[in-house]
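What follows is a single structure, written as structure tokens, with notes after it.
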Amino acid sequence: MKRKRKVKKNSPIRRLIIIMAALALAFSVVFVTASLFGAMPFSGISARIRAYVLGDDGREFPVRINAMNTQSADLYDFGFYVLSDMEIKLYDFSGTLRLTKQHNYTSPAVSAGKYGVMVYDRSGTDYMLIKKYKVVKEAASKDGDILTARAGRSGNLAFSVRSGDATSMLYVTDRSGEDIFIWKCAYEHIVSVALSDNEKCVASASIGAKDGDVVSTVHIFGFDYSEPLFMHTFVGETVIRIKYLSDRLLYIFTDSGIYTVKRNKEIEQLKDFDSSELGFYSDSDNGVSALALTKYGSSNLCELYVCGRRGKTLFSKEIEADVSDVHTNGKYVFLLADDSVLVYNLKGELLNNIELQMKIDKLFGNSRYVYLCAPDKIGRVFTLGQEQERQEK
């Protein structure tokens, strides 16, 4: 009688059997998902599979908020936050409340970045720093009231504050709270600050007036130098925000256009708004920026302009609708237009048209979900696909 031949664990036959089984499983998954989701892009299918595996059925949505005292809401790395005049609440992406922290700030504001969420008082000196869902620092700034603040990637903090012997002061502290840079701005208010990724440079944007016109000035400082590495003055333009996209690339948003500063010396205009007016803008961590521009003063004609981190135009198109917000996560662009949310990829292709079941005034989204902010609640829908998941209860 012949003995049965054993298959070795690492034999070619065993490997072939494993590969065939894996292929069969993969094909079965493809057929099942195709029957369930039709021609939906893979990222939409993936979002639903992930939600199912993690048990995220959206039962927490809509998240109820106080319509009377909510100041702002937005995404951050671990979920989204809701800031009110009494507290800040942090939720994970499933809508589960993870932290409630009360404050007594007169004019609360939030700055969210890679290191964490920074909450500060624009009419005082108090601030707090939150990492993930835990408050790791509560302190007060030096000198006067905080104008704006920003946390760097490794925990350095940049502040613009009112000063007793200058109009405003820029200073940076390390993680232990020690000063590593101080600069006093004699005649202008510093309205935006940014730390480079390597945290060796800090940039500031300040606003003042000269000869009856608005003047905005952008400075870049190295911590090891007493004089600025770069300075540029915009006459007749108001700088709205500055942001580092890398160690050597600074973005500047004004009410008239978009600029970049490369290697602390080369300034270039990427976009001139011309006869358009900036309505809404959003920028992501990977450098993608989306702007909604009102065309020719019409509230029902909008230019959606999207560019990449080096200023290259990704797409631009006219939208005949009343646009009330725009958001990008660096992969998709979300446009709140009339009573719908339009979802585009970075080629300008319309991937989804989500018909809204409630009136919203703000949105933010990621690759899996779009979060819809109404005055009294936050709903959630899938980014891709037609299911209207948890807009209302």
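General remarks:
- T313 vs. criteria closer than 18 Å to L270 by Cα and β-branched (V, I, T): yes
- Number of the exception - A140 against (1) over 25 Å from K377 (Cα atoms); (2) touching a Gly at 6+ places or on another chain (Cβ under 6 Å): (2)
- Among all positions in the stretch 245-254, there is at least one residue which is surrounded by fewer than 18 Cβ atoms within 10 Å (Cβ to Cβ), over 25 Å from A209 (Cα atoms), of a type in the set (G, A, S) and under 24 Å from the mean Cα position of the chain (by Cα).
- Against the criterion of being under 24 Å from L129 (Cβ atoms), without any contact (Cβ under 8 Å) to a residue 24 or more places away in the chain and aliphatic (A, V, I, L, M), I182 qualifies.
- Those strands (runs of 3 or more DSSP E) lying entirely in the stretch 270-315 with at least 2 residues closer than 18 Å to D74 by Cα: 277-283, 289-294
- Residue in the stretch 330-342 that is within 13 Å of the chain's Cα centre (by Cα) and in a loop (DSSP other than H, G, I, E, B) present: yes
- In the stretch 43-73, of all residues being buried (at least 18 other Cβ atoms within 10 Å of the Cβ) and modelled with pLDDT of 90 or more, the one that is nearest to G330 (Cα to Cα) corresponds to A73.
- Residues in the stretch 343-361 that are among the polar types (S, T, N, Q) and in a strand (DSSP E or B): N345, N352, N353.
- For the stretch 97-109, the condition of being within 16 Å of the chain's Cα centre (by Cα) and among the charged types (D, E, K, R) holds for none of the residues.
- Restricting the stretch 143-164 to residues that are buried (at least 16 other Cβ atoms within 10 Å of the Cβ) and out of contact with any Gly (no Cβ under 9 Å at 6 or more places or on another chain) leaves a set whose member that is farthest from F80 (Cα to Cα) is S160.
- Selection within the stretch 185-207 - touching a strand residue (DSSP E or B) at 6+ places or on another chain (Cβ under 6 Å) and free of Cβ contacts under 8 Å to residues at least 40 places away in the same chain: C185, Y187, E188, S206, I207
- Sole residue being within 21 Å of F78 (Cα to Cα) and of a type in the set (S, T, Y), chosen from S111, S123: S111
- Qualifying residue in the stretch 362-372 (condition: surrounded by fewer than 14 Cβ atoms within 10 Å (Cβ to Cβ) and outside any strand (DSSP E or B)): no
The values are calculated or read from the model by the stated rules, or taken from the named source; none is laboratory data. None of these values were measured; they are calculated from a predicted model. Here the Cβ is made from the backbone with ideal geometry for all residues, glycine too, and neighbour counts use every protein chain on show.
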